[in-house]
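The values are calculated or read from the model by the stated rules, or taken from the named source; none is laboratory data. Every value quoted in this text rests on a predicted model; they were computed, and no experiment measured them. FYI the Cβ positions are ideal-geometry reconstructions off the backbone, even for glycines, and counts take in every protein chain you see. Just so you know, the surface numbers come from the protein's heavy atoms only, side chains and all, with ligands and any DNA or RNA stripped out. Shrake-Rupley method; radii C 1.70, N 1.55, O 1.52, S 1.80 Å.
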Amino acid sequence: MQRVLIANRGEIALRLIEASAALGIESVAIHPPADANSLHTRAADHVRQLPGDGVAAYLDIDAVLAAAADAGCDAVHPGYGFLAENADFARRCTASGLTFVGPSPEALELFGDKVAARRLAIEAGIPVVPGTPTAITADSAGSEAAAIGYPVMLKAAAGGGGRGMRAVTSADDLPEALERCVGEATTAFGDGTVFIEKLIARPRHIEVQVLADSTGAVVHLWDRDCS
């Protein structure tokens, strides 16, 4: 890997630019016109401007791949959010001769959609928080939430990083919360699909992060309390 396009912005991109430099890899930042003077564009080795405006520009797969080709990149790192869990993007990177720094398209299809990931966990006998087995709609949300029992959490099926989530404590608050959740998920990930889980009011969030590479090497990074 010699030159990587970082398909993100802000603090996420800055961390990847710094890591790339430490590994002797050139970095390419991308931006729509409004982000031309952002810090990540000044920190990277190379810069390419995207067409479009705002977040939508970073979700434009054709434009991102065109920027990578124009900059002579051999890899793309999506960071997190935006296109990071988009299986089609990962697949198209590979088809374009680029190394996608992240999970395989097959893994993203399994876990990038949290509704599908819940089903997979249930089939594997793993305990999960009570929730809807499929995506919800404005018409079904009320009955689904009532069946689970308030308080509930609305969650985006795509993406992550805490985006597209809303806690709902009563039926009266549900319509507005759903509208906001769908809107945020659509803006952040290009996918407004939402599902419902039971809200755990005082949870402990313990993670075990596992990394594997294309050679078959697998390591875990112990556990950490993300509460």
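Largest first, the residues ARG202, ARG42, ARG118, ARG166 sort by 1.4 Å accessible area into ARG202, ARG42, ARG166, ARG118. Looking at the chain, the accessible area is 55 square angstrom per residue; that uses a 1.4 Å probe and ignores ligands, DNA and RNA. Taking a Cβ cut-off of under 12 Å around ASP223, the surrounding Lys, Arg, Asp and Glu residues balance to a net charge of 0, with basic ones at +1 and acidic ones at -1.
Scoring 119-128, 72-81, 43-52, 3-12 by mean Cβ neighbours within 10 Å over their residues and listing the highest first yields 3-12, 72-81, 43-52, 119-128. For the chain, the Cβ-based charge dipole about the Cα centre amounts to some 400 debye (Lys, Arg positive; Asp, Glu negative; other atoms uncharged). Within the accessible surface of segment 51-202, defined with a 1.4 Å probe on protein heavy atoms only, the carbon and sulfur portion equals 56 percent. Simple point charges give the picture: +1 on the Cβ of Lys and Arg, -1 on the Cβ of Asp and Glu, and for segment 35-132 a dipole about the Cα centre of about 240 debye. Normalised by 2.2 N^0.38 Å, with N the number of residues, the alpha-carbon radius of gyration of segment 100-157 equals 1.31.
Largest first, the three principal axis extents of the alpha carbons in segment 94-227 are 52, 34, 26 Å in whole numbers.
Modelled this way, with points 7 Å down the Cα-to-C-beta line, the labels at ASP74 and VAL55 are 3.5 nm from one another. Shape descriptor for segment 2-63: Rg over Rh equals 0.95 (Cα atoms; Rh from the Kirkwood inverse mean 1/r).
Pairs of Cα atoms nearer than 8 Å and 6+ residues apart set the relative contact order; for the chain it is 14 percent. Percent of Cα pairs in segment 168-227 per distance bin of 10 Å, from zero to the largest separation: 17, 26, 32, 20, 5, 0. Taking Lys and Arg as +1 and Asp and Glu as -1, the other residues whose beta-carbon sits under 14 Å from that of CYS181 total -2. Our coupling estimate for segment 47-57, obtained by passing each phi through the Karplus curve with A = 6.51, B = -1.76, C = 1.60 and θ = phi - 60°, is 9, 9, 8, 9, x, x, 10, x, 4, 4, 5 Hz, Gly and Pro reported as x. Counting every alpha-carbon pair across segment 23-140, the share separated by more than 22 Å comes to 46%.
Across the chain, the fraction of Cα-Cα pairs farther apart than 32 Å, rounded to a whole number, is 27%. From most to least packed by mean Cβ count within 10 Å, the peptides 83-90, 209-216 give 83-90, 209-216. Within 13 Å, Cβ to Cβ, of VAL47, how many net charges do the neighbouring residues add up to if Lys/Arg are +1 and Asp/Glu are -1? My count for the surroundings of VAL47 gives 0.
Rolling a 1.4 Å probe across all protein chains gives LEU98 an accessible area of roughly 20 Å².
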